[in-house]
Every structure is written in C-alpha cells, then in structure tokens.
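Read-outs: derived from the displayed coordinates by stated rules, not from any lab. Note that the structure is a prediction, hence the values are computed from the model and not measured. Heads up, the Cβs are rebuilt from the backbone with ideal geometry, glycines too, and the neighbour counts pull from every protein chain shown.
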Amino acid sequence: MCSIQLFSNSTLNGNPRSPKRLAKPVHCGKTVDVDDESPVEMTAAVLGASRPVPLWRRLLIGGNVRWTLFRLLVLLSVSSIGKLHFFPDGKSRYRRILVDGKSMHPTYENGQTLWMHTLEYTSLAPQRGDVVVLGSEGESPFYLKRIIGLPGERIGIRRGKMTVNGNVYDDYGYGRINARLRPLVLAEGEFYVMGDNRPISSGGVVEAGKVLGKIL
C-alpha cells in the first residue's frame with residue numbers, strides 16, 4: 001500500500017502556517033474522485049465525441065463486426081438459393097406473359113399480365129385442363145390455349161361440343177364451337193388444345209415440344 005501527499009514550500013521550510021493541500025491523496029489500486037478533469041482528458045473526450053463514424057462504414061460494417069459477418073453469410077446463402085430456384089441451369093424459371101386477344105375470354109382478358117412456369121413440364125407431362133403457352137423458343141408469336149385431349153385419346157367435335165373418347169367434354173369452355181372435327185386418335189406426344197372462348201377460338205393438335213410452359 002502506498003500513498004502520497006503534497007504540501008506547499010512554506011510547510012517544508014518550517015513555516016508554521018497551516019499547510020496548503022495541493023492534491024488529494026492517491027491510493028494505489030483504488031479509484032480517486034477528481035473534482036476537475038485535466039485538459040488532456042477533456043480534449044480526448046471532445047475529440048472522441050466529435051469524430052463521426054463514416055456513413056459507408058455504418059452501412060457496410062455497422063457497429064458489430066461479428067454481427068455484420070453473420071448477416072453477410074445469411075445474405076449470400078439466400079442469394080444462392082434464390083438463384084438456384086429462379087435461374088436453374090441459367091434459364092429463368094418464370095416468364096411474364098401478356099394476353100393478346102380474346103380466345104381465352106372470360107378466363108383471361110385481353111391485355112392481362114400472366115406468369116408462365118417454364119420448367120413445369122421438365123419432369124411432368126401436361127394434364128387436361130392446363131393452360132399452356134405454345135410456340136417455338138425464341139420465336140414469336142406465342143399462343144395461349146387449354147389442353148383438352150391427351151395422347152392416346154379419341155377427340156372430336158359433335159353438335160358444337162368437344163368429345164373425348166365419345167363423351168362430351170365442356171369443362172372450362174364457354175359457347176358453341178363453330179368448327180367441325182371428325183374423331184381422331186392422338187399419337188404419343190400429341191395434345192389437342194383450344195381456347196375457352198369456343199365460338200372464336202381455333203383448336204388443333206400440337207406436339208409436346210411446342211408446349212413452352214404452364215400458366216400459373
């Protein structure tokens with residue numbers, strides 16, 4: 001344990017006057033209260049308080065480096081998963097489609113925006129009732145139709161109605177079909193398609209390779 005106490009020169013010279021205390025005693029290992037901060041301490045405090053953190057550092061690093069690194073890892077993971085989901089093999093999974101015409105009225109209206117799933121039929125075959133986009137990749141125009149007949153089925157039009165294997169099929173369709181179609185059997189990989197607006201829509205047989213995707 002150590003301590004110091006300073007007195008004026010008058011005391012040291014034998015002056016009987018009461019000693020003038022110049023500093024409070026300082027005890028080793030203990031905190032001492034000081035009435036006034038020294039100029040050095042005040043200057044350091046002012047400089048520290050007035051020095052702003054750059055905006056780029058606050059945005060990129062933040063106040064906690066470890067927390068920032070954690071957030072960066074989460075962001076990279078989410079970005080990688082999103083890229084694999086939306087752009088597998090570099091191909092966009094979803095494409096925006098703009099309806100042009102009234103062949104799918106009233107299900108879809110002219111000028112309506114739709115989304116097509118381009119990889120829906122990568123591992124699955126088109127099903128009856130699916131609304132699909134038909135055409136050649138990279139070429140226009142594209143057509144919006146509904147699948148009516150599947151491979152191996154007998155398709156025909158009788159008295160303004162679609163028939164599948166001899167049975168009337170009028171699901172999704174509106175109105176009377178003006179065209180005629182003698183019964184035919186679809187080959188492997190062939191589908192019969194038609195628009196929902198039956199009076200003005202033209203149907204036909206398409207190959208699986210012409211089906212670009214399914215409307216969501």
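Structure values in brief
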quantity: Qualifying GluC sites (Glu not before Pro) in the range 137-185, DSSP loop, other Cβ atoms within 10 Å at most 12; calculated: 137, 139
quantity: Cα-based shape type of the range 94-215, given that a ≥ b ≥ c are square roots of the gyration tensor eigenvalues and the cut on a/c is 1.5; calculated: oblate
quantity: Rounded to the nearest 20 debye, dipole of the range 94-215 from Cβ charges on Lys, Arg, Asp, Glu; calculated: 540
quantity: Trypsin sites (Lys or Arg not before Pro) lying in DSSP loop within the range 131-216, provided at most 14 other Cβ fall within 10 Å; calculated: 159, 176, 180
quantity: Interchain or long-range residues, amide H under 5 Å from residue 100's placed H; calculated: 111
quantity: Sites matching GluC sites (Glu not before Pro) across the range 174-216 that sit in DSSP coil, with at most 11 neighbouring C-beta atoms within 10 Å; calculated: 188
quantity: Pairwise label distance in nanometres, residue 140 with residue 174, each label 7 Å out on the Cα-Cβ vector; calculated: 2.6
quantity: Label-to-label distance, nm, for residues given as residue 154 and residue 100 (7 Å Cα→Cβ offset); calculated: 3.9
quantity: Net charge, residue 211 excluded, C-beta distance under 15 Å - Lys, Arg +1, Asp, Glu -1; calculated: -1
